[in-house]
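Taking it in order: structure first as structure tokens, then the write-up.
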Amino acid sequence: MEKADTQIIRLLLVDDEEDFRTTLANRLKRRNLDVTDAGSGEEAIEIIGKKSFDVAIIDIKMPGIDGIETLKRVKKIDPHIEVILLTGHASIEAGIEGIKSGAYDYVIKPCTVNDLMVKVEDAFRRGMIEKGHAQGKE
Amino acid sequence: MFKKLFKRDKSQKKSPSENSLPDLFRFKYSCFKMLLDSNSEFLNVITDLEEKLCGEQVFGMSYVRTRSAKAVFHALRMIKNLDDISGHRYSRLFEVLENIDLKIKEILNRKKEVSISELILPYSEINAEMIDWVGGKNANLGEIESRIGLPIPEGFAITTKAFESFLFSTDLFDKVSKKKMEIDPDDPDTVKKISDDIRELIISADVPPAIEEAIMLAYAKLADKTAYGKSPGTFMRVSMRSSAIGEDSELSFAGQYLSKLNVPQEQLITTYKEILASLYTPSAIAYRLNKGIRDEDIAMSVACIQMVESVASGVMYSRNPLNILEDNIIITAVWGLGPYAVDGVITPDVYTVGKDGRTLSSEISRKTVQLISKPEGGLTEIPVADDLVEKPSLSAENIAVLAGYARKLEEHYGCPQDIEWALDRNGTLFILQSRPLRAEDAGKRYPASPVLPGYPLLIEKGVTVSGGIGFGPAFHVSSEDDLLKFPDGAVLVARHSSPKIAMVMKKTRAIITDKGNIAGHMATLAREFAIPTIVSTDVATSVIPAGMEVTVDAYSGRVYQGKVHELEVFQKTGGFPMKETPVYRILREISDWIVPLYLLDPASPDFAPSSCRTLHDISRLVHEFSYTEMFKLSDFISDKKGMAFKLKVNIPLDLYVIDLGSGVTEKNINLNSISPDNITSVPLKALLNGLMNRDFQQNQCRPVEFKGFLSVMREQMLSPPSAAERFGDRSYAIISDKYLNFSSRVGYHYSVIDSYCSRTVNMNYISFSFKGGAADDIRKNRRVRAIARILQSLDFTTEVSGDRINARYQKHELHLMEEKLDFVGRLLQFTRQMDMLMINEASIEILAKNFLEGNYNLEKIIACN
């Protein structure tokens, strides 16, 4: 399928493991995303205060404030950011909690960069549509 | 594509909301697909729960917890996506789910799971119910010691608690998961590389001090208990064996994980890590990826058992596997360690012992070599001392003790056992393992048992696919209708083997076919379900009349008339050990909130969020509403000028095409309509080929002779459609070059085809859903069954419930995908008139048969029948 839009998607990638984060960030940049990365929930929240994003990918298991808590705080700062939770070995309860807290979806690893990319685009579209809704109501 | 369209259609004013319409479709379709994906995951959980509720399979609390969480998760995901599709008109459902979730949590919390804190458990504290914490192998050994009271070697289990705290405290779970993301399922080399990396990660990680200390302390206690600690210069060795838990792992993956004999103290921790790492061998990873088993669902416990410096060891069967009719205990024995008794390196001594303990025969062999532990660790072969080579390896007293063990084990487990034992220097006999005797394994090595006199022998020699004994009335199966009518407890007799027989595997006591293959799909299933099965009998359907009671001896490939009492002992007992346990009762209670379906009729006023009593109700409701929402969307699209092309095609089909990208060539496009030549979408092209199949077109104006009822039917067909039918005879195809989502509604029929066709075989799929119809319920059901019959013959997997069918075909080569879509197109045309013809059960067979033979002329079909 074609890309969602000609607009470049602004993505925030939050993961504490540096190797993984930079590799994934590079792969996503190659697909024409505007990627910013953060090594912790705290850092992510700081960045979001300064810059706007369309989509965030947040790893559930991180030291400091964990992925679910990061999700909740991010949503508080900017309700229009669509959040994809990424997790390897977290309980499915975390997925339930995540969706209840407003995550777009919950991706269980392993998944390919392709799959993730499709999710990012879908999440982006949802963001656009939800923003439209919100504006319509205003 | 859309932008170009807008430019061309200058008369239309662009508004921002219209600009975002393509995104809106795509978004809603992605929601719809997520919803369908969660729907099928949810139904899988239901099926799985229903199986467990039969009480035949063993499971623990972790199963109950993960399964109920999974059901809640997918129900939630379905609601969320429906809510998104509908612009948040179903938020009420979140509350409904929340309430059910609370009820489930209440039940789970009522019996607070005693999540153990012990990193180590001695066998005296372990029994079979502790499988979640110590794995199958350990649980079984513990049961033998603590409940049956037979001697096993001293030892302990390193629990799954230790496994979890090792992996969590070192962050290995996360590191491993991230590594696993690098796996490209299409490239086996990446699996190998990632496997190496992951195992290296585990082996190089530091075991947390608490776990290391606990293992070393348990080891020291063990050494203290045994003679080794007391005499200087001797060191206790242990064998360390994997005892994994997780879906299927015990059953299908036995022996794949690492076990090590003769491990010295200084290698305990390294070996422990090596065994944990064996969860990530390439074959283990590939197996789990294939089966869809997540890492969350697996855990590894390790058995740490004092190495018995055995003087002799061997295998014992509580019933003769060479001849299952003979109720005698068979003991095999060699000098030294056990592997040589199992591997067949040397011929063991064989003792036959009556159940009363009398030795009936002893065959003493020449045992020239034996296996012993090396002082530095590992095993080695040495010659047997000259004077022992031809001496019996067991004394009369030993034999009597072992026979006593065999009797106790068989009695406790309620079925014949296959037992590993060892004799130490002090003359103590230990049990190392006990598991149900699988006579079919033995059958491969030994000649079949003799023919039993006194019973008419119907079949003398068939090919055994899956061993066992089954008794029941014969039931002939020649069509899928027969399968639907298949009675519980019958013996299935068929001309050919067929994977479709899987539908009734749970009901059948045995399977006999005229033709068939031991390597086929049905054979695999028969073995998986442990159904006694004989194929290639040539004569089964002709010599076994329907209804005759037969006993199938699949060990020997024979079928007898009547009930053969001598063979009864090997029949599946039908005991349901799980049903007595507290874990089962909790599953039962929780299932009441998940499994039952009360919302059956979408037309009823009760078909509403407030009436949902179970998660199944929710999923049914969401599924139903999602289609309504998607059709609304399609109507919305077709109302927008320039948003959808009308496809000009010479068939009675009002089809609108919405291109998401590269699905249409732009040559010669008129303003709002295109011809089939403009379609470049691979799946839509294939489907159109079928829809436009010339055989249908020829049918349409051919004069037909009518028989009595046909004229009535014709009248029905020609009568003006009801208001509801007039309303929406439109079909929509949302496409890209490789993708198709085709939804059509004819009267009350809904059908949706979703397909992806590319050169990447693994990504290819066709999913076909069909629902509804103006006919009465019985006809509707007959129709979906006829469709199911046809799709099954086309190698689709199908699921029929009420008037709905879901079918799926996936991961096949591009040309096969195209071929199947062509058939699906023809099938759609065929079904347009089908329900009128569903006058009786036979019509299912007739219509399916004709379709598969390429006779699409429905009127003619009826005239001939």
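The figures follow:
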{"item": "Pick from region B:76-96, criterion within 10 Å of chain A (Cβ to nearest Cβ) and farther than 16 Å from B:Phe32 by Cβ, ranking: surrounded by the fewest Cβ atoms within 10 Å (Cβ to Cβ)", "result": "B:Phe94"}
{"item": "Qualifying positions in region B:34-50 - touching a helix residue (DSSP H, G or I) at 6+ places or on another chain (Cβ under 7 Å), more than 14 Å from every other protein chain (Cβ to nearest Cβ) and either free of Cβ contacts under 8 Å to residues at least 60 places away in the same chain or not in a helix (DSSP H, G or I) (or both)", "result": "B:Asp48"}
{"item": "Residue list for region B:556-591, filter: of a type outside the set (A, V, I, L, M, F, W, C), at pLDDT 80 or above and in a loop (DSSP other than H, G, I, E, B)", "result": "B:Ser556, B:Gly557, B:Gly562, B:Lys563"}
{"item": "Residue match in region B:110-128 (condition: within 14 Å of another protein chain (Cβ to nearest Cβ) and in a helix (DSSP H, G or I))", "result": "no"}
{"item": "Unmet requirement for B:Ser449, which otherwise passes all of (1) modelled with pLDDT of 80 or more; (2) surrounded by 16 or more Cβ atoms within 10 Å (Cβ to Cβ); (3) in a loop (DSSP other than H, G, I, E, B)", "result": "(1)"}
{"item": "Those residues of region B:592-642 which are at pLDDT 85 or above, aliphatic (A, V, I, L, M) and in a helix (DSSP H, G or I), in sequence order", "result": "B:Ile594, B:Leu615, B:Ile618, B:Leu621, B:Val622"}
{"item": "Test: residue in region B:51-60 that is within 13 Å of chain A (Cβ to nearest Cβ), over 17 Å from the mean Cα position of the chain (by Cα) and either basic (Lys, Arg) or not in a helix (DSSP H, G or I) (or both)", "result": "no"}
{"item": "A:Thr23, sole failed condition from (1) over 15 Å from the mean Cα position of the chain (by Cα); (2) surrounded by 17 or more Cβ atoms within 10 Å (Cβ to Cβ)", "result": "(2)"}
{"item": "Complete set of residues in region B:393-416 that are of a type outside the set (A, V, I, L, M) and part of a helix (DSSP H, G or I)", "result": "B:Glu397, B:Asn398, B:Gly404, B:Tyr405, B:Arg407, B:Lys408, B:Glu410, B:Glu411, B:His412, B:Tyr413"}
{"item": "Checklist (1) touching a strand residue (DSSP E or B) at 6+ places or on another chain (Cβ under 6 Å); (2) of a type outside the set (Gly, Ala, Ser); (3) at pLDDT 80 or above; (4) not in a loop (DSSP other than H, G, I, E, B) applied to B:Tyr340, failing item", "result": "(3)"}
{"item": "Selection within region B:479-509 - buried (at least 21 other Cβ atoms within 10 Å of the Cβ) and either of a type in the set (Ser, Thr, Tyr) or at positive phi (or both)", "result": "B:Ser497, B:Thr508"}
{"item": "Scan of region B:148-171 for residues that are part of a helix (DSSP H, G or I), more than 9 Å from chain A (Cβ to nearest Cβ) and not basic (Lys, Arg), ordered by number", "result": "B:Ile148, B:Thr160, B:Ala162, B:Phe163, B:Glu164, B:Ser165, B:Phe166, B:Ser169"}
{"item": "Hits in region A:2-20 - residues which are crowded, with 20+ Cβ neighbours inside 10 Å and free of Cβ contacts under 8 Å to residues at least 40 places away in the same chain", "result": "A:Phe20"}
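Listed here are the residues, each with its yes/no results for (1) closer than 20 Å to B:Thr281 by Cβ; (2) of a type outside the set (Asp, Glu); (3) not assigned by TED's automatic domain parsing to the domain that holds B:Arg199.
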position: B:Glu125; (1), (2), (3): no, no, yes
position: B:Ala128; (1), (2), (3): no, yes, yes
position: B:Asp132; (1), (2), (3): no, no, yes
position: B:Gly142; (1), (2), (3): no, yes, yes
position: B:Ala162; (1), (2), (3): no, yes, no
position: B:Leu167; (1), (2), (3): yes, yes, no
position: B:Lys178; (1), (2), (3): yes, yes, no
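The values are calculated or read from the model by the stated rules, or taken from the named source; none is laboratory data. Keep in mind it's a predicted model, so treat the numbers as computed, not measured. Reconstructed Cβ throughout: ideal geometry from the backbone, glycine too, with neighbour counts over all protein chains shown.
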